[in-house]
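Structure below; questions to follow.
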Amino acid sequence: MKCPYCRADNDRVIDSRAHQEGSAIRRRRLCQNCGRRYTTYERVEESAIKVIKKDGVRVPFEREKLKRGLERACWKRPIREEQLDEIVTAIENQICDSMEPDIESRQLGEMVMERLRDVDQIAYVRFASVYREFNDAQEFVEELNEMLEETPCAPR
């Protein structure tokens, strides 16, 4: 590991701990050359998960692509970056736990919507409108009604 400050390849690990539900390891390092500390995150490289698109094409699962989609749905909403990371990690863990090498994009979208519904209803509707490809306002209203029936209204 090269020090980000002096680029020397001489460091030692001074602390290690699990990060985000055990999906990564956080390491605090001390550069033996310049004496500065820095943090690294290590992920276990797992078997490549493939996403099966609507047209049948298989593409590699991309954690960052999933996060970008969530960020677009949550734009200007009171949702912390950590919450988005937790959602992505939970979905990634769920996919890995299934022990299946492939997942359909439809299933992936449903997993995202399931978690977004609990975090922020507006972000959920935004994501659903793109994911479900609504053709008209009526389909949009039907999705809203479905969500409202499942979620009791909070007192004002």
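Can you tell me the orientation of helix 105-119 relative to the chain, as the angle in degrees between its alpha-carbon axis and the longest Cα principal axis, to the nearest 10?
The angle comes out near 90 degrees.
If amide hydrogens are placed 1.01 Å from N in the peptide plane, which non-local residues have theirs closer than 5 Å to the one on ALA24?
HIS19
May I have the count of lysine pairs in the chain with C-alpha atoms under 18 Å apart, counting pairs 8 or more residues apart or located on different chains? If you can, show how the numbers build up before the last one.
Working: LYS50/LYS65; LYS50/LYS67; LYS53/LYS65; LYS53/LYS67; LYS54/LYS65; LYS67/LYS76.
Total qualifying Lys-Lys pairs in the chain comes to 6.
Please turn the phi angles of segment 72-87 into ³J(HN,Hα) values with the Karplus equation 6.51 cos²θ - 1.76 cosθ + 1.60 (θ = phi - 60°), one per residue in order, whole Hz, x for glycine and proline.
Karplus-based 3J(HN,Hα) across segment 72-87 equals 5, 5, 9, 4, 6, 10, x, 10, 6, 4, 5, 5, 5, 4, 5, 5 Hz.
Please report the orientation-averaged projected area of segment 1-87, defined via the convex hull of its C-alpha atoms, in nm².
8.4 nm²
Note down the Stokes-Einstein diffusion coefficient of the chain in µm²/s, whole number, using a Kirkwood radius over alpha carbon pairs, 25 °C, and 0.890 mPa s. Walk me through the numbers before you get to the answer.
On the way: Rh = 18.4 Å.
Once the numbers are plugged in, D ends up at 133 µm²/s.
Laboratory data are not the source of any read-out in this text; all were calculated from the coordinates shown. Since this is a predicted model, take the numbers as computed values, not measurements.
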